[in-house]
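First up is the structure itself, then whatever we jot down about it.
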Amino acid sequence: MDLMEKLEVLTDAAKYDAACTSSGVTRRGVRGALGNAVASGICHSFSADGRCVSLLKVLLTNACAYDCKYCVNRNSNDVKRAAFTPQELAELTMGFYRRNYIEGLFLSSAVAGSPDRTCELMLEVLRLLRNTHHFFGYIHVKAIPGADARLTRQMGLLADRISVNIELPSEQSLNCLAPEKSRAGILFPMRQISSGILDTQNALSRYRYAPKFAPAGQSTQLIIGATPESDRQILTLSEALYRNYHLKRVFFSAYVPVVADKALPPLDTRPPLLREHRLYQADWLLRFYGFEASELFSPGDPGLDMALDPKCQWALGHMGDFPIEVNTAAYEQLLRVPGIGVKSAWRITVARREQCLTFDGLKRLGVVLKRAGYFLTAGGKALPGVKMDPRFIRPALIEKRAPQSYEQLSFLEPTREDVQKCLTGQI
Amino acid sequence: MPDRTDLIYRYDGTLKGLLCCVYECFSSKENPMMILPKDEMQLMLLPEKVIETDPAIALRVANAITGKLSEEFMRFVASAHLCALAGREGLIVALIRRGFRQGARVLNDLGDPAVNKLTRAVNALANEAHLYLGFTRFQVTDGVLTSVIEPKNRVLPLMRAHFCDRFSGETFLIYDKTHAQALIYHLGVARIESIQSLQLPAEDEVERHFRALWRLFFKTVSIASRENPQQQQTHLPQRYRSQMPELTPPTYPKLQEIS
């Protein structure tokens, strides 16, 4: 099998992993060697599905010993199998990196024989890159649950980010769909990595050249829609992961049916992309906007509203807190206004020191008032034409994707402007 | 008496030249209607004054801005000068004059139309420079990396530190086709030079192989059932694509090269 064919098979097998970020660590390059790392991450391309291509995302091998029902690489599935040799993969990475195609390597693998053996093979790739080729670019590596703790530790010392995929959000689903895996087996390496990162931070505060263990942190992935867990369960789990395991990211991956099985949704199910999107929006609220998972759900309803984004949904349930005044509200309050993000809130706090903000001023700052207009006052005044009543706001906020029907323009039909002119006497 | 406004300044198009214009404004008590590079055409019948660039004066003005206002203010001025914004010179000089009157915090007055316009242009510049850190594609010929980009703004000075750090052991050239400039790095020294045109060497066998691998990877990594050309278009607008191998069809060797 030539390199072309291997690359095709092993990319195809790895593409369902959502994580492709190259962020979280800044590392200066070394004189004469190749590579550095940038904390913000850099996207190098965007594939036809609109996702960022930042890392060379491949499996080392897709010949798996396990038989997880949701997975395309399960050993009972009839697909082409391939494996890179460590040398091939290291050279491919160097060749791509030098041409600025990629930001680094995302290395995952099916379980080749046993978890320990898989880890050894992956470690060989990492050592080749770091020690032989002197590669200082980004490396994201998947820890293999069930492998020896010492092997996981060595991986973390060579890579920037290390991750373990939980995949299925509850113990029952895991037992049902991935009989070889167990929740404890997955959480054990996560706990180990989390404490390894904390130890490194302590050590680095004392001596500058302490070895860095996974400096870009740890992440994980949950599959959405393969099993019956609710949004509330998923977000509560993510919140616990951020708090207890200090994860940098929890990725959500809408389940794409790739294999037929009684325990799984049928093959013609479309991936729940909107649900994935809403979960990501809620995830951002947890990480950057000071929300808690429990705030986002009303007592009776364990799901997120698909028609509205989670912040709008929350705001409509708390109309007592609104409207707030842009010129005096605290940064934290501004962050809770639908339509105002971290950047807009920051710009408002900077600009209002210089002058009293009006709605025109807000527009000039680049604050979008499509949603925010219903929840703000500027200088004590509301946006003209806005009724602050949840019954009117909800239909107005629901995004209109395409016009419902074409409206025939008419000279006789009074437009909204005409009505206003009549009222103000400008006609 | 108010400053005289019925005239146009001509400068050499460099940041130093612009700083000399600032000096001229104050020393001759003038507030020109427009400031234009020497080679740019205009249709106004106002008298023109050519401002000669004097590095010593430029340094004096730069020191005044850094000292009396702030280093951030000077960085902002330098970035704003790299933007592709019509009439930016006039806006920058007006901002500096206002800065000397009211202090460095005029930069925070984002509600002001002039400050706002410049801030947006500077953000667009920084954004474009960041995107090009990822979207630049190198071709390897005889161990030298070459690349062509077509940015709207003059992004090369902002890309310099990143690429020199990342490829410190290499020799590379990034050619900015829009502004006919190139960033050249060789043996640890980087410089930006004007180059009128650049003919890249034809890709060799190894290059063709890597491009084919990259195209294959790019095609395979996309999930068919999630296809979303609108989102791809949002993140990667057409104007960036012309120099990216994965989004342009492969070129095949000519027949005589094969035989």
Any pair with Cβ under 6 angstrom, 6 or more apart, that starts in region B:9-32 at a residue that is over 22 Å from B:Arg75 (Cβ atoms) and ends at one that is assigned to a loop (DSSP other than H, G, I, E, B) and not polar (S, T, N, Q): B:Tyr9/B:Pro32; B:Tyr9/B:Ile51; B:Arg10/B:Lys38; B:Glu24/B:Ile51; B:Lys29/B:Asp3; B:Glu30/B:Asp3; B:Asn31/B:Asp3; B:Pro32/B:Leu7
Across region A:44-93, what is the number of residues that are within 11 Å of another protein chain (Cβ to nearest Cβ) and part of a strand (DSSP E or B)? 8
Residue list for region A:371-387, restricted to those being in a loop (DSSP other than H, G, I, E, B) and farther than 14 Å from A:Cys312 by Cβ: A:Gly379, A:Gly380, A:Leu383, A:Pro384, A:Gly385, A:Val386, A:Lys387
Any idea which of (1) surrounded by 14 or more Cβ atoms within 10 Å (Cβ to Cβ); (2) at positive phi is the one A:Phe322 doesn't satisfy? (2)
Given (1) buried (at least 17 other Cβ atoms within 10 Å of the Cβ); (2) more than 14 Å from chain A (Cβ to nearest Cβ); (3) not in a helix (DSSP H, G or I), B:Leu110 misses just (2)
If you check B:Gly99 against the conditions, is it touching a Pro at 6+ places or on another chain (Cβ under 8 Å) and within 25 Å of B:Arg154 (Cβ to Cβ)? no
Please work out which residue is surrounded by the most Cβ atoms within 10 Å (Cβ to Cβ), limiting yourself to region A:1-43 and to residues that are over 30 Å from B:Gln230 (Cβ atoms), facing chain B (nearest Cβ under 7 Å) and of a type outside the set (A, V, I, L, M, F, W, C). A:Gly35
Show the residue pairs meeting these rules: Cβ distance below 8 Å; 6+ apart or different chains; first residue within region A:371-400 and over 20 Å from A:Thr358 (Cβ atoms) and free of Cβ contacts under 8 Å to residues at least 40 places away in the same chain; second residue among the aromatic types (Phe, Trp, Tyr) and assigned to a loop (DSSP other than H, G, I, E, B). A:Ala396/A:Tyr374
Residue set A:Asn73, A:Asn77; condition of a type outside the set (A, V, I, L, M) and surrounded by 20 or more Cβ atoms within 10 Å (Cβ to Cβ); output residue A:Asn73
Over region B:147-187, the set of residues in contact (Cβ under 8 Å) with a residue 24 or more places away in the chain, part of a loop (DSSP other than H, G, I, E, B) and of a type outside the set (A, V, I, L, M) is B:Glu150, B:Pro151, B:Lys152, B:Asn153, B:Arg154, B:Glu170, B:Lys177, B:Thr178, B:His179
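Read-outs: derived from the displayed coordinates by stated rules, not from any lab. Quick caveat: nothing in here was measured; it's all calculated off a predicted structure. As a convention, Cβ positions derive from the backbone with ideal geometry for all residues, glycine included, and neighbour counts pool all protein chains shown.
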